[in-house]
1. Mind grabbing the accessible area of ASP283 for me, 1.4 Å probe, Å², rounded to tens?
2. Could you list log10 I(q)/I(0) for the stretch 92-246 at q = 0.12, 0.13, 0.15, 0.17 Å⁻¹, which the Debye formula gives when each Cα is one point scatterer?
3. For the pair GLU120 and ARG162, how long in nm is the line joining their label points, each one 7 Å along Cα→Cβ?
4. What would the Debye equation give as log₁₀ I(q)/I(0) for the stretch 183-328 at q = 0.10, 0.15, 0.18, 0.19 Å⁻¹, counting only Cα atoms as equal point scatterers?
5. Find the accessible area per residue for the chain; the probe is 1.4 Å, ligands and nucleic acids are left out, and the unit is Å².
6. Can you give the FRET efficiency for ASP49 and ASP306, using 1/(1 + (r/R0)^6), R0 = 30 Å, r = Cβ-Cβ distance, to the nearest 0.05?
7. What residue among ARG275, ARG203, ARG123 has the largest mean-square fluctuation in a Gaussian network model of the chain, using Cα springs under 10 Å?
8. Could you give the nm distance between label points at ASN235 and ALA248, where each point is 7 Å from its Cα heading toward the beta carbon?
Amino acid sequence: MKIARAGWIASLCLLAACAATRRHHGADWVMAHCGVDASLRGLAPVSRDVCFVGGADGALRKTVDGGSSWVDVSPAGSAGCDFRDLEAISADTVVALVAGSPARLYRTEDGGASWRVVHEDVRAGAFLDAAAFDGHHGVVFGDAIDGRFVLLETLDGGASWRDVATPALPAPGAGEAAFAASGTCLSVGPASFSLVTGGGPCRHISFVPGLECAAVDLPLQRGAASRGAFSIAWNGERGVCVGGDYLAPSLAGGTAAVTRDGGRTWAAANAGGYRSGVVWVGDRDLLAVGSHGASWSRDGGMTWSDFGGEAFHSVAKAADGAVWACGAQGKVGVLSSPGAR
């Protein structure tokens, strides 16, 4: 009885601590389930009401009522596909990335009612990690084949794609690749892109056509296939990347890095454990998620505090400020209030 009572008291204390943490941030998760028990990593929030999620085994779902109900919008013939990234160009136009076997890009212009394949790579070893858009300009990054990274570009919102010769990009180091954990290892601007890598070297790589490519080592965990930088988010010249080791998610050191000069220099930070996605919630506030928990920063990523035990793979913010997340077994969450300053 004493042991049972002690455990009961400890549980109450833990619940109170979690509640206090969330009240401190002024936000909490409103949880939902998309109707399929798949691991979800693709996430494209359009608004607080409308969101697309995608994942393993061809799972692709859409809600128009804030997660209360979901509709299957999977493309015909996509059973078995692994949708690692989704990008909403508008409320009706979405690009869906299938990581590999074969590596493929789908596009819809009618909110998921119909899709067409706009790019396919059937080469052995083809593996697409992420897509990112700035308006109708988009970039897709993939793991190296024959000694060079794969880079695709679109100027028409994903309707057509071209392979970009990348002699200016650095050659991949031994084992170096990008992580397709959340679709957020890549960021794109009107005429530039920025990405983070791992698996061996752990680097931030930025490229502006016509200018020299810059590659900078990051102060994150490195040296193994499971370690590196998994996600990057920008707010002007201020950037934050998160990562760690997904096979040792409780290791807190080397899980975040911060830049204030557009990525030329980076300072190490501690996000509290492995994190696969990060998003700016406000001008100073960030939210990072991972397979074993989430963290919140109120000072631009320099320090982090625990944000409860809900685990997600991906997190993203819609145009109206709504913050969505998705994870294992069809789990989806939306913040009840950003609570940012």
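The values are calculated or read from the model by the stated rules, or taken from the named source; none is laboratory data. The model shown is predicted, which means the values in this text are computed figures rather than measured ones. Positions of Cβ are generated from backbone atoms using ideal geometry, with glycine treated the same way; all protein chains shown enter the neighbour counts. For accessibility, only protein heavy atoms count, side chains too; no ligands or nucleic acids. Shrake-Rupley method; radii C 1.70, N 1.55, O 1.52, S 1.80 Å.
1. Number for this one is 90 Å².
2. The computed values of log10 I(q)/I(0) come out as -0.48, -0.57, -0.76, -0.98.
3. Distance between label points: 2.3 nm.
4. -0.29, -0.66, -0.96, -1.07
5. So the chain comes to 40 Å² accessible per residue, rounded to a whole number.
6. So the FRET efficiency works out to roughly 0.55.
7. Looking only at ARG275, ARG203, ARG123, the biggest GNM fluctuation is shown by ARG123.
8. Going from the ASN235 label point to the ALA248 one covers 3.1 nm.
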